[in-house]
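A quick write-up on the structure given underneath.
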C-alpha cells in the first residue's frame, strides 16, 4: 500500500514545508493538507521538489471560523464568498500541482442548501477541469461536525449525479463513514467508481489506525484487491509526537 500524510493533523508542530520533509523521512509516498493558504506557494513548491513528494489535495477555506463556519459552499446567501474560496483553492492547487480539491459544504440543511451546493460544485468543476483538477466532496459524521450539510455517502452520490461533472468525486473517509454507516468493505466496493480519494483513522477516537473497532490491515487488503493503487490518506490525530505514532506503517 501507498500512504499520504495529511499534514492538517500530522506534524502540526512544524511549518508546512518542514512537515513535508518529515513525511518524506517517515516513508510516506505523498502528502495532503487542509488549508495551506497562509504559507507562501514558493516555500511549499520548494519542499515538494526537494522531497519528490506530491501534494495530493487541499481544502477550500472554511470561512469565518471564529463565527462557527466550517465551509461555505452550501450556504445560501454566501455564494460570492464560496466562489472566491473555490477560486483561491484552484489557483493554489495549480501553483503546486495538486490534483484534488475538497470543496467544503458548511453547516446548512434543506433543499435550498442542496441547490446552493450543487451550483457551487458546478462552478468548481467547470473551472478546475481545464487544469486536470478533480473536485472532491466528503461526508462528515454528525458527532464531530453536527449540522454539517453532507453526512452520508448516499447523499454525496445524489449530489454527484445532480452536478453531472466527470471531475466530481467522493472523498471516502473510512473514519466518517464507519461512524455514520459502517459496513466499510461493502461500501468501498460499491462506491469505488465514484471515489476520488480514501482517508482513514481509528474509530472512535480518530487516532492512528493500529487500534479501535476497524481492522485496517483487512480494509487495506480489500482496497488493494479492488485495484485501487493511489496513496491512502492518513488523516488521524496523533496522541503525542507524530513520529511516535507511525508503527502501523510497518505492519500493513
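Taken together, the values in this text are just the output of simple stated rules run on the coordinates, not laboratory data. Remember, it's a predicted structure, so these values are computed and weren't measured experimentally. Cβ coordinates were reconstructed from backbone atoms using ideal geometry, including for glycine residues, and neighbour counts include every protein chain displayed.
Using a simple spin-label model with pseudo-atoms 7 Å out from Cα toward Cβ, residue 129 and residue 109 lie 3.4 nm apart. Paramagnetic label reach from residue 122 (point 7 Å along Cα→Cβ; backbone nitrogen cut-off under 17 Å): within segment 138-159, residues 158-159. At an R0 of 41 angstrom, the distance between the Cβ atoms of residue 81 and residue 252 translates into a FRET efficiency of 0.50.
Computing FRET efficiency as 1/(1 + (r/R0)^6) for residue 43 and residue 64, where r is the C-beta to C-beta distance and R0 is 22 Å, gives about 0.30. Quick one: check the C-alpha center-to-center distance for segment 90-169 versus segment 184-252, whole angstrom. Distance between centres, Cα-based: 22 Å. Only helices enter this figure: runs of n ≥ 4 DSSP H residues, each worth -39500 (n - 2.57), summed and divided by the residues of the chain, yield -11500 deg cm²/dmol at 222 nm to the nearest 500. Remark: 252, 103, 31 ranked as 252, 103, 31, counting other beta-carbon atoms within 10 Å and listing the fewest first. Exposure proxy ranking for 1, 104, based on other Cβ atoms within 10 angstrom of each Cβ and starting from the fewest, stands as 1, 104. Put simply, when 74-87, 220-233 are sorted by average Cβ atoms within 10 angstrom per residue, most first, you get 74-87, 220-233. Cβ crowding within 10 Å, taken as a proxy for footprinting-reagent exposure, orders 197, 211 from fewest neighbours to most as 211, 197. The label-point distance for residue 142 and residue 237, in a model that sets each label 7 Å from Cα toward Cβ, rounds to 2.1 nm.
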